[in-house]
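*Asks:* Okay, here's the structure, questions in a sec.
The values are calculated or read from the model by the stated rules, or taken from the named source; none is laboratory data. As the structure is a prediction and not an experimental result, all values here were calculated from the model. All Cβ positions, even for glycine, are placed from backbone atoms using ideal geometry, and neighbour counts span all protein chains on display.
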Amino acid sequence: MATPAVASYSFYVRSLNSLVQRGYEDSRCRLLVQRHLELDSSKRPQQSILDVPAHVFNSRYVFVPTQKFDDVSVNKFSHITYPDLLNQTCSYCSSRTLPLVVKIHPAIDGPEKAQQRRLLLRLNESACGWLLFESSSSINLLTTHARFTVTLNGGTLVDNFYTGTPVLTLARSLFQHTDAVVSHSNVQAGLERMASVTWTETNRLRQRQVACWIERASLSTTKTPAENIATIEMHLRHHHGAAGLAVSLAPVNSSCAISPPQSGSHGSVQLPTFGSATS
């Protein structure tokens, strides 16, 4: 599925913060979140280990999950590179004697993983002052115990939503205008803001609402054909209101029929896609 950055083109970006509150059932959503965490779920399998030293794990570290350095989400939707993000975050942590825990994207292997590890070693020897620790522990564990998480626009944003934890996003994404994240375009200014941010129940509520809305708004092999058709119809109804399209969708095994747009309306329907955690 597309990352949250690619979905930043979605017509949901500006309205998502209010949209996720409509028809929201907190008790039902809490059960979904609880089940998700009990299973230690994420987009990729998680390791049930703790490889961070105890004194670091208990010290409220800053957490950075990496993305692929040349990922389209970074190249197309961020003016900040991941090496630059790591370098500036290292300097920030070093100046405050804060540990920095980094989890390398688990889909990265071979030369690309070696490249990221070499960068982490160089940063530890310089900007980080040996305060940087690489971890392969569960993304849910690492976000839960961190002071806060820092990312450009990675799918790990969704993991923060499930763990209800503060997260700074520094590039365009589907979630940039919601109360589920702190969004900033400058690394140092964003980090300074996170240092004083109070993560309120409103933030945690919005994170649950976004996480559960993604579940409702996504096509899935675990849904019945009728449920997936209903999901598509939900998106089409939303776009119908935004673009003035007349839409009909046959109930079973049929194609979507979209009538020609009226004057002044958009001529295409873009269904949003959502990135789950990349960890």
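*Asks:* When the range 32-56 is examined, which residues are found to be farther than 30 Å from S95 by Cα, in contact (Cβ under 8 Å) with a residue 40 or more places away in the chain and either among the hydrophobic types (A, V, I, L, M, F, W, C) or not in a loop (DSSP other than H, G, I, E, B) (or both)?
*Replies:* Hits for the range 32-56 are L32, V33, H36, L37.
Each row is one residue, and each column tells you yes or no for (1) at pLDDT 95 or above; (2) touching a strand residue (DSSP E or B) at 6+ places or on another chain (Cβ under 8 Å); (3) acidic (D, E).
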{"site": "S183", "(1), (2), (3)": "yes, yes, no"}
{"site": "A217", "(1), (2), (3)": "no, no, no"}
{"site": "S220", "(1), (2), (3)": "no, no, no"}
{"site": "I229", "(1), (2), (3)": "no, yes, no"}
{"site": "V247", "(1), (2), (3)": "no, yes, no"}
{"site": "A250", "(1), (2), (3)": "no, yes, no"}
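*Asks:* Any residue at all in the range 94-106 that's within 16 Å of E134 (Cα to Cα), in the same structural domain as T144 (by TED's automatic domain parsing), of a type in the set (A, V, I, L, M, F, W, C) and assigned to a loop (DSSP other than H, G, I, E, B)?
*Replies:* Scanning the range 94-106, I find at least one residue that is within 16 Å of E134 (Cα to Cα), in the same structural domain as T144 (by TED's automatic domain parsing), of a type in the set (A, V, I, L, M, F, W, C) and assigned to a loop (DSSP other than H, G, I, E, B), so the answer is yes.
*Asks:* Kindly indicate which of S126, S138, S94 is hydroxyl-bearing (S, T, Y), within 18 Å of the chain's Cα centre (by Cα) and farther than 22 Å from S183 by Cβ.
*Replies:* The conditions single out S138.
*Asks:* Name the one entry in S59, S78 that is free of Cβ contacts under 8 Å to residues at least 60 places away in the same chain and of a type in the set (S, T, Y).
*Replies:* S59
*Asks:* Is the range 74-84 home to any residue that is in the same structural domain as H36 (by TED's automatic domain parsing) and part of a strand (DSSP E or B)?
*Replies:* No, because not a single residue in the range 74-84 is in the same structural domain as H36 (by TED's automatic domain parsing) and part of a strand (DSSP E or B).
*Asks:* Which one of these does F175 not meet: (1) closer than 26 Å to Q209 by Cα; (2) part of a loop (DSSP other than H, G, I, E, B); (3) modelled with pLDDT under 95?
*Replies:* Against the list (1) closer than 26 Å to Q209 by Cα; (2) part of a loop (DSSP other than H, G, I, E, B); (3) modelled with pLDDT under 95, F175 comes up short only on (3).
*Asks:* Scan R208, R193, R237 and give me the residue that is surrounded by fewer than 20 Cβ atoms within 10 Å (Cβ to Cβ), in the same structural domain as C90 (by TED's automatic domain parsing) and assigned to a helix (DSSP H, G or I).
*Replies:* Every option except R193 fails the conditions.
*Asks:* Let me ask something else. So, in the range 170-186, of the ones that are surrounded by 23 or more Cβ atoms within 10 Å (Cβ to Cβ) and small (G, A, S), which residue ends up nearest to the chain's Cα centre (by Cα)?
*Replies:* S173
*Asks:* Looking at (1) part of a loop (DSSP other than H, G, I, E, B); (2) touching a residue at least 60 places away in the same chain (Cβ under 8 Å), which is the only condition D159 fails?
*Replies:* Of everything listed in (1) part of a loop (DSSP other than H, G, I, E, B); (2) touching a residue at least 60 places away in the same chain (Cβ under 8 Å), D159 misses just condition (1).
*Asks:* Pairs only if they're at least six apart or on different chains, beta carbon under 8 angstrom, first in the range 109-127 and farther than 21 Å from D71 by Cα and without any contact (Cβ under 8 Å) to a residue 24 or more places away in the chain, second buried (at least 19 other Cβ atoms within 10 Å of the Cβ) and among the β-branched types (V, I, T); list them, first residue then second.
*Replies:* none
*Asks:* Taking the residues in the range 107-134 that are part of a helix (DSSP H, G or I) and of a type in the set (G, A, S) as candidates, determine which candidate is surrounded by the fewest Cβ atoms within 10 Å (Cβ to Cβ).
*Replies:* My answer is G110.
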